[in-house]
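Have a look at the structure below, then the notes.
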Amino acid sequence: MKKVYAFESRCLGCGLCEVYCRTAHSKSKDIVKAHKKENITSSIVIEEILQPKAKTYFALQCRHCASPKCVRACIAGAMYKDENGIVRNDKEKCVGCLSCILVCPYGAVKKNKDGKAVSKCDLCINYGSQLCVKNCPNEALKLLTEEEAEDLV
Amino acid sequence: MSIDFNTPAFEVIRDEKRCIQCKVCVQQCANSVHAYDEEEDIVKADDMKCVNCHRCVLLCPTRALKIKKYSLEFKENANWTSTAINEIYKQAQTGGVLLSSMGNPKPFPIYWDKMLLNASQVTNPSIDPLREPMETKVMLGRKPEKLEFDLNGKLITEIPPQLELNIPIMFSAMSYGSISRNAHESLARAASELGIFYNTGEGGLNRDFYKYGKNTIVQVASGRFGVNKDYLNAGAAIEIKIGQGAKPGIGGHLPGEKVDEDVSATRMIPEGSDAISPAPHHDIYSIEDLRQLIYSLKEVTDYKKPVFVKIAAVHNAAAIASGIARAGADAIVIDGFRGGTGAAPTRVRDNVGIPVELALATIDQRLREEGIRNQVSIIAAGSIRNSADIVKAIALGADAVYIASAAVIALGCHMCHACSTGKCNWGIATQEPELVKRLNPDIMYKRLINLISAWNHEIQEILGGMGINAIDSLRGNRLMLRGIDINDKELEILGIKYAGE
């Protein structure tokens, strides 16, 4: 399966992926409305590391692990791996216990701003295309299979 | 502190209805124009710092930003323009020489736009390059007086070293230091794929780039940065830089801040030290001295690589070019006054030198009259903006052209003229790792290939229209050119007739 891979050497830390992630997961699907009227948590987060000579950035998002710890830890049965291997969160079932956040080895699951549920990358399956990948200005985010990603690293 | 007479050059206009406070502009502006005010939850701009590079405008996801000329009027005066007044304010405050980047922006005549091309009608057929062969390959280098063959028809004349270009366009000298490593990598990869050449500029050649050597022209300038035997042998040709169109007669100065570990190793100078190129080569005070350097370089490369000599287009360019040809150069590069630079004194950039079109025409004419045109190739440089400029340059007598401004524009340059600050937001004229990253060579080398391929298609179309099927048949073919809106003297220098004649 293809996942979103982030390439640190290309990441500028501009944060456009976060903007488009919020837009893709909004009701309106409109950038301005999504940000001004809806309160959405981005599933991809830019982290900043201070290096001796410069800042480095990398984008943090769900790896859709083969045996996801978050699915095992979920007390409500909200977190599940679907038939395509995508780890998803059913917001209806999610009780916001945050167990998944505790066990995620990457820190890729985020607490929703409304506090009711958690937010994580679902590879934009409902949107049709991965807006973060499409709008990255420096091709730092790529949709690749595991083998393709290994070749690039 | 006394009053600051400087005013902003640009105004950042933010549409608050569209701004979503995503702070992309804040994060991306290396000049710190944008700032987020947490208390008010708005993004503010400091117009004073804006250089109008468009980075924020293009990255803003909601198109909320616009940059406009700061509208502050002085009393109208055709002589004392706002530029003239503001420059005095700046110098009265700092006591410094005004510096500018890129080429001469003044409204001097652009002769490319005053020449029109011919096309075939009825009496000679035009050629469709999509259906018939069309040659744009050129060979640069000294051509023998005559060719001799043995009785079996085998060539016995020794042919001096030649550079083979698939397309008569090369990337002009921009040093590693003045432009970033990623910009260099993009140029090198594009040149390799296109079968053309890029020029290292005077900053030496990074070891990592030796692999692109067969598409590299290595430069030797007055500072001799990074020049050693390996370097000279690493490229396909060597260029001696005497002058540069943007600043004829002036040396160079790469500030110490841009000399990081990698640049320092490549240039063979201490890290953080200013790299100063003297105005002249201190071992060249005559054509005879130039000949010595040309032959020293030929000696070290076993006479296998052509040696170019680059000069700025100045008043006696034709006589100087004749001397260069006689000194043994394989090609002459003539750089017009509109050629770009990372930094030049404004007064020099705007007032010294002549247009490349005129210099090119006189050099070609002079070398023909002296019967030595075959001894050198001529490369025209200094603001070639499109394929039509190239066709006109070749019709005026050039063998090929060099482009640099057009190449960096393809890499994202927005001609904001702030290269000398070292804070290029597009990752071109900077050494700051965070900014250099913004120029992704994997994306950018393809843009260069696109540009050159597009121009090559256009050159072929224009040639075909003239009924010519090889670029060699156009060289110096001034009958294909007609002047418009220029006087008799200009026609005489360009060696062309007026439109309608």
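The values are calculated or read from the model by the stated rules, or taken from the named source; none is laboratory data. Please read these numbers as outputs of a predicted model, since none were measured by experiment. In this analysis, Cβ positions are derived from the backbone assuming ideal geometry, glycine residues included, and neighbour counts consider all displayed protein chains.
Pick from B:412, B:467, B:427: which is touching a helix residue (DSSP H, G or I) at 6+ places or on another chain (Cβ under 6 Å) and assigned by TED's automatic domain parsing to the domain that holds residue B:256? Going through B:412, B:467, B:427 in turn, the sole match is B:427. Just one of the listed residues (A:105, A:68) is surrounded by fewer than 14 Cβ atoms within 10 Å (Cβ to Cβ) and modelled with pLDDT of 90 or more, namely A:105. Quick check: is even one residue across the range B:354-371 surrounded by 24 or more Cβ atoms within 10 Å (Cβ to Cβ) and assigned to a strand (DSSP E or B)? Within the range B:354-371 (the criterion being surrounded by 24 or more Cβ atoms within 10 Å (Cβ to Cβ) and assigned to a strand (DSSP E or B)), the answer is no, since none of the residues qualifies.
Any chance the range B:332-346 includes a residue that's assigned to a helix (DSSP H, G or I) and farther than 14 Å from residue B:239 by Cβ? There is at least one residue in the range B:332-346 that is assigned to a helix (DSSP H, G or I) and farther than 14 Å from residue B:239 by Cβ.
If you go through the range B:444-485 and keep only what is among the hydrophobic types (A, V, I, L, M, F, W, C), under 30 Å from residue A:10 (Cα atoms) and crowded, with 16+ Cβ neighbours inside 10 Å, you end up with B:444, B:448, B:449, B:451, B:452, B:455. Whenever a residue of the range B:264-276 is at positive phi and in the same structural domain as residue B:204 (by TED's automatic domain parsing), its partners that are assigned to a loop (DSSP other than H, G, I, E, B) and not basic (Lys, Arg), lying with C-beta atoms within less than 7 angstrom and at least six residues away or across chains, give the pairs B:268/B:204; B:268/B:225; B:268/B:226; B:272/B:259. Any residue in the range A:6-17 that is more than 12 Å from chain B (Cβ to nearest Cβ) and surrounded by 18 or more Cβ atoms within 10 Å (Cβ to Cβ)? Checking the range A:6-17: at least one residue is more than 12 Å from chain B (Cβ to nearest Cβ) and surrounded by 18 or more Cβ atoms within 10 Å (Cβ to Cβ). Of the residues making up the range B:8-45, those that are part of a loop (DSSP other than H, G, I, E, B) and either of a type in the set (Val, Ile, Thr) or touching a helix residue (DSSP H, G or I) at 6+ places or on another chain (Cβ under 7 Å) (or both) number 9. Counting the residues of the range B:158-209 that are in contact with a Pro (Cβ under 7 Å, 6 or more places away or on another chain) and part of a helix (DSSP H, G or I) gives 4.
Table: residues versus (1) farther than 21 Å from residue B:395 by Cβ; (2) within 14 Å of another protein chain (Cβ to nearest Cβ); (3) surrounded by 14 or more Cβ atoms within 10 Å (Cβ to Cβ); (4) in contact (Cβ under 8 Å) with a residue 12 or more places away in the chain.
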residue	(1), (2), (3), (4)
B:47	yes, no, yes, yes
B:56	yes, yes, yes, yes
B:69	yes, no, no, yes
B:93	yes, no, no, yes
B:99	yes, no, yes, yes
B:109	no, no, no, yes
B:120	no, no, yes, yes
B:129	no, no, yes, yes
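Scanning the range B:200-255 for residues being of a type in the set (D, E, K, R) and either in contact (Cβ under 8 Å) with a residue 60 or more places away in the chain or closer than 30 Å to residue B:99 by Cα (or both) gives a total of 6.
If I ask for residues that are closer than 18 Å to residue B:492 by Cα and either of a type in the set (Ser, Thr, Tyr) or at pLDDT below 95 (or both), which ones from the range B:317-367 would you list? Within the range B:317-367, B:362 is the sole residue that qualifies.
Taking every residue in the range A:134-148 that is within 10 Å of another protein chain (Cβ to nearest Cβ) and in contact (Cβ under 8 Å) with a residue 24 or more places away in the chain and pairing it with any residue that is surrounded by fewer than 18 Cβ atoms within 10 Å (Cβ to Cβ) and in a loop (DSSP other than H, G, I, E, B), at least 6 positions away or on another chain, the pairs with Cβ-Cβ distances below 9 Å are A:140/A:8; A:140/A:9.
Hey, could you check the range A:18-54 for residues that are assigned to a loop (DSSP other than H, G, I, E, B) and more than 13 Å from chain B (Cβ to nearest Cβ) and say which is surrounded by the most Cβ atoms within 10 Å (Cβ to Cβ)? Among those that are assigned to a loop (DSSP other than H, G, I, E, B) and more than 13 Å from chain B (Cβ to nearest Cβ), it is A:43.
Here's the yes/no breakdown for (1) among the small types (Gly, Ala, Ser); (2) out of contact with any Leu (no Cβ under 7 Å at 6 or more places or on another chain):
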{"residue": "B:278", "(1), (2)": "no, yes"}
{"residue": "B:282", "(1), (2)": "no, yes"}
{"residue": "B:286", "(1), (2)": "yes, yes"}
{"residue": "B:289", "(1), (2)": "no, yes"}
{"residue": "B:294", "(1), (2)": "no, yes"}
{"residue": "B:301", "(1), (2)": "no, no"}
{"residue": "B:305", "(1), (2)": "no, yes"}
{"residue": "B:310", "(1), (2)": "no, yes"}
{"residue": "B:316", "(1), (2)": "no, yes"}
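Right, residue A:88: outside any loop (DSSP other than H, G, I, E, B) and loosely packed, with under 12 Cβ neighbours inside 10 Å or not?
no
So for the range B:136-154 (the condition being over 30 Å from residue B:435 (Cβ atoms), acidic (Asp, Glu), in the same structural domain as residue B:350 (by TED's automatic domain parsing) and in contact (Cβ under 8 Å) with a residue 40 or more places away in the chain), does at least one residue qualify?
Filtering the range B:136-154 for residues over 30 Å from residue B:435 (Cβ atoms) gives B:136-154.
Of the ones still in play, those that are also acidic (Asp, Glu) are B:145, B:148, B:150.
Going one step further and asking which of them are in the same structural domain as residue B:350 (by TED's automatic domain parsing), we end up with B:145, B:148, B:150.
Within this subset, residues satisfying the condition of being in contact (Cβ under 8 Å) with a residue 40 or more places away in the chain are B:145.
Yes: the range B:136-154 contains one or more residues that are over 30 Å from residue B:435 (Cβ atoms), acidic (Asp, Glu), in the same structural domain as residue B:350 (by TED's automatic domain parsing) and in contact (Cβ under 8 Å) with a residue 40 or more places away in the chain.
Return a yes/no flag: does the range B:389-398 have any residue that is acidic (Asp, Glu) and more than 14 Å from chain A (Cβ to nearest Cβ). There is at least one residue in the range B:389-398 that is acidic (Asp, Glu) and more than 14 Å from chain A (Cβ to nearest Cβ). So, residue A:81, is that one exposed (fewer than 15 other Cβ atoms within 10 Å of the Cβ), over 30 Å from residue B:437 (Cβ atoms) and of a type outside the set (Val, Ile, Thr) or not? In short, no. Residues in the range B:1-45 that are among the β-branched types (Val, Ile, Thr), more than 33 Å from the chain's Cα centre (by Cα) and surrounded by 16 or more Cβ atoms within 10 Å (Cβ to Cβ) were compared, and the one that is farthest from the other protein chains (Cβ to nearest Cβ) is B:43.
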